[in-house]
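Colleague: Shown below is the structure under consideration.
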Amino acid sequence: MTFDASKSRVPSARAIAAQRTAPESDSRPKPIKALHLGSGDPLLLLHGFMLSPHCWEQTATRLATQCEVFAPAFAGHWGGGPADGWSMDVYTLADRIEDQLDELGWRTCHIAGNSLGGWVGVELARRGRARTLTLIAPAGGWQVPSVTQVRVGLKFLSLVPIVEIGKRMGGFAPANPIVQRFVTLLLSKNAAAVARRDIAAVITAALHCPAMIPMIVGSMRAPALEDLSTLTTPVRLLLAEYDRIIPNRVYARRYLRELPDTADRILVKGVGHVPMLEAPDRIATLIAEHVYASRTRLRAV
């Protein structure tokens, strides 16, 4: 069974939860604690480092025609709960997400995660919370300690002064065409396909992420991913062809090598690190295909 994007609709009764309503004259994006919409199979969507549920809005709306979609903000990220101390890691984020799943009454659910969200998704799958797992340009595919790990940490550390400058610019940075262009090219391949509102939300989220430094510190201290070949959850790996944040030739090696032979390995052409921004229909279809393929498998639980 495949996903029909033509049936997309904007949910009403279960629309965006905890989203503040902005005056008509104020088009600036507002913090979202979580998106919760649609009905059907439970589907958890996890965003990347320094992002927010905004990056899932278009994809979530499409998936909500056939799934109950929940896309929360990570702790320490824009719209999420407070950060814990000076160091945070994937396991802390997974703990918080598990608490939210328990509140929803979701013992298990389908999980799709982008970048850091994919890394957290792997951890949730190991805890038995995933029915299926879709990894979209997942982070964490490095050994510890390693040059690759240090390189990632330094890359994000280099963004700290840029973020601090952006904070001092107030509301000017998210709406600035030059800043928008730079961020769009960093995260996507086809800049023209990314809505200005969406990229403004990306920039705003990055400027309101108290977990930035704690997560960088925590990721340098955290243990490496366990052997991915031991995952028993059905996995679909989606790699972005033009990933400029964690290029496939370096950071996807462990995923490609270690995931079980039964895992789907798909190169998504013509997209960057956050493909939901420029290709929401394609990403929704790829997630939905994996979700509904699982229905044909009979499993004892």
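The values are calculated or read from the model by the stated rules, or taken from the named source; none is laboratory data. As the structure is a computational prediction, the values presented were derived from the model and not from experiment. When we count neighbours, we look across all protein chains shown, and the Cβ atoms used for this are built from the backbone with ideal geometry, even at glycine. The area values use the complete protein model at the heavy-atom level, side chains included, leaving out ligands, DNA and RNA. Shrake-Rupley method; radii C 1.70, N 1.55, O 1.52, S 1.80 Å.
Colleague: Given the structure, is residue 66 polar (S, T, N, Q), open to solvent by 10 Å² or more (accessible area, probe 1.4 Å), within 26 Å of residue 218 (Cβ to Cβ) and more than 13 Å from the chain's Cα centre (by Cα)?
Modeller: On the way: polar (S, T, N, Q): yes; open to solvent by 10 Å² or more (accessible area, probe 1.4 Å): yes; within 26 Å of residue 218 (Cβ to Cβ): no; more than 13 Å from the chain's Cα centre (by Cα): yes.
It is false that residue 66 is polar (S, T, N, Q), open to solvent by 10 Å² or more (accessible area, probe 1.4 Å), within 26 Å of residue 218 (Cβ to Cβ) and more than 13 Å from the chain's Cα centre (by Cα).
Colleague: I need every pair where a residue in segment 187-213 that is open to solvent by less than 40 Å² (accessible area, probe 1.4 Å) has its Cβ under 7 Å from the Cβ of a residue that is assigned to a helix (DSSP H, G or I) and among the basic types (Lys, Arg), sequence separation at least 6 or different chains.
Modeller: 191/181; 207/167
Colleague: In this structure, is residue 131 within 21 Å of residue 293 (Cα to Cα), among the charged types (D, E, K, R) and touching a strand residue (DSSP E or B) at 6+ places or on another chain (Cβ under 9 Å)?
Modeller: So residue 131 fits the description; yes.
Colleague: Quick check on my filter: what residues within segment 147-174 are touching a residue at least 40 places away in the same chain (Cβ under 8 Å) and either closer than 15 Å to residue 225 by Cα or touching a Ser or Thr at 6+ places or on another chain (Cβ under 9 Å) (or both)?
Modeller: 148, 149, 152, 153, 156, 171, 174 - these are the residues of segment 147-174 that are touching a residue at least 40 places away in the same chain (Cβ under 8 Å) and either closer than 15 Å to residue 225 by Cα or touching a Ser or Thr at 6+ places or on another chain (Cβ under 9 Å) (or both).
Colleague: Could you tell me whether segment 126-145 includes any residue that is open to solvent by 20 Å² or more (accessible area, probe 1.4 Å), at pLDDT below 95 and not hydrophobic (A, V, I, L, M, F, W, C)? Step through it out loud before you land on a result.
Modeller: Just the residues of segment 126-145 that are open to solvent by 20 Å² or more (accessible area, probe 1.4 Å), to begin with: 126-128, 131, 143-145.
Restricting the remaining residues to those that are at pLDDT below 95 gives 143-145.
Next cut, not hydrophobic (A, V, I, L, M, F, W, C) only: 143, 145.
Yes, segment 126-145 has at least one match.
Colleague: Another question, then. Would segment 187-197 turn up any residue that is part of a helix (DSSP H, G or I) and among the basic types (Lys, Arg)?
Modeller: yes
Colleague: Go through segment 96-120 residue by residue and tally those that are in a helix (DSSP H, G or I) and of a type in the set (Phe, Trp, Tyr).
Modeller: Of segment 96-120, the ones in a helix (DSSP H, G or I) are 96-104, 116-120.
In the following step, the residues that additionally are of a type in the set (Phe, Trp, Tyr) were identified as 119.
Total meeting the criteria: 1.
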